[in-house]
Amino acid sequence: MAKEKNSDLMIVSAEVVRNKIYVIRGQKVMLDADLAPIYGYDTRSFNQQVKRNFERFEGEDFMFQLSENEMKCLMSQIVISNIGRGGTRKLPYAFTEQGIYMLMTVLKGDLAIRQSRELVRLFRQMKDYILDTQGTIGQTELAKLAIQTNENARNIQRLESSVDELRSFMTNFYDEHLRKELLLMDGQIVEAAVAYETIYSQAKKTIHIIDNYIGIKTLLPLKGIGKNVAVTIFSDNIGTTLRKSEREEFQKEYPQVQLSFQKTSGKIHDRFIILDYGTRTEQVFHCGCSIKDAGKRVSAIAKMTDVRPYSPLIQDLMGNPKLVLK
């Protein structure tokens, strides 16, 4: 049973949690000893609840136990409550972002829901800050963080599809403080990243993207396309939003994606996605906003019923010079 300590419950806020998030094995994590009081448990009872549902936390992308060396390194930098007091203590468990989301399906009750809600808000605020603060962080580091954030989001989405409690919670929880990046596609409200990934997954040979305003978020939905699909992005890269270092980091992470860039040379205003140009399965989509900004404001994607008017457009763009990223 949870040992709630109502008078001592931790208030989940940026100020409280910020110093309890560590980077271990290249992932942002929180330790069991820090998470337990947030949920109203002592560490032993907290870990018992997790062990009873261990199958939900299998894999280091959810949870892992620190090694002796990792523990020594961590203790040399910080002071962790209940660690190293009075003899031998078990090495702590570290929970990744996905693991923290999964906790809400294991730790039942109003307290768990309330505290999970605040942690979800906090992690979302942190991710939004990372993606929106390009001026104060190196481009290579930003690209790495954006790629990891995107991967976390996809993992969380898979959890929503497979775990009833989590799906119910997330469906009813979104509000103005924590909203998904949504857009309209085929008359349905869809998460922006899912919409683009769904479109790209239909390509068999080629994907042509026409968008003058590109960034790392333009590339991220392409990571799951087929190995034999070539991607050409036509853009003048207005504002130099996508940098060479970000493209290189993306290609290092997803080498199977065949990327090339050409200019639009000021000829195009709107945004388009063309799948399998010049083939029997060609499809054309008109995008209401740039892919990198999808979901920030109300926008829509519409599939064109007649692809023939767009053929001269693509043919003309193919003669444009290459876009060289800086």
When the residues of the range 201-229 are narrowed to those that are buried (at least 18 other Cβ atoms within 10 Å of the Cβ) and without any contact (Cβ under 8 Å) to a residue 40 or more places away in the chain, which ends up nearest to K244 (Cα to Cα)? L222
Give the range 292-326 a look and list any residue that's of a type in the set (G, A, S), more than 27 Å from the chain's Cα centre (by Cα) and farther than 12 Å from Q262 by Cα, or say none. S311
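Could you tell me whether any residue of the range 269-285 is part of a helix (DSSP H, G or I) and not hydroxyl-bearing (S, T, Y)?
no
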Contact list please: Cβ distance under 8 Å, first residue in the range 294-305 and small (G, A, S), second residue open to solvent by 40 Å² or more (accessible area, probe 1.4 Å) and in a strand (DSSP E or B), pairs at least six apart or on different chains. G295/L182; G295/E191; S299/L184; A300/L184; A302/H286
All but one of (1) part of a helix (DSSP H, G or I); (2) touching a Phe, Trp or Tyr at 6+ places or on another chain (Cβ under 9 Å); (3) at pLDDT 90 or above hold for Y196; state the number of the condition that does not hold. (2)
May I ask you to list the residues in the range 233-260 that are closer than 16 Å to Y200 by Cβ, open to solvent by 10 Å² or more (accessible area, probe 1.4 Å) and free of Cβ contacts under 8 Å to residues at least 40 places away in the same chain? Y254, Q256, Q258
Of all residues making up the range 289-326, the number that are open to solvent by 40 Å² or more (accessible area, probe 1.4 Å) and not β-branched (V, I, T): 20
Helices (runs of 4 or more DSSP H) lying entirely in the range 1-95 (those with 1 or more residues that are at pLDDT 75 or above and of a type in the set (S, T, N, Q)): 43-52, 68-75
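The values are calculated or read from the model by the stated rules, or taken from the named source; none is laboratory data. Being a predicted model, the structure only gives us computed values, none of them experimental. Note: ideal-geometry Cβ built from the backbone for every residue, glycine included; neighbour counts use all protein chains shown. Accessible surface areas use protein heavy atoms only, side chains included; no ligands, DNA or RNA. Shrake-Rupley method; radii C 1.70, N 1.55, O 1.52, S 1.80 Å.
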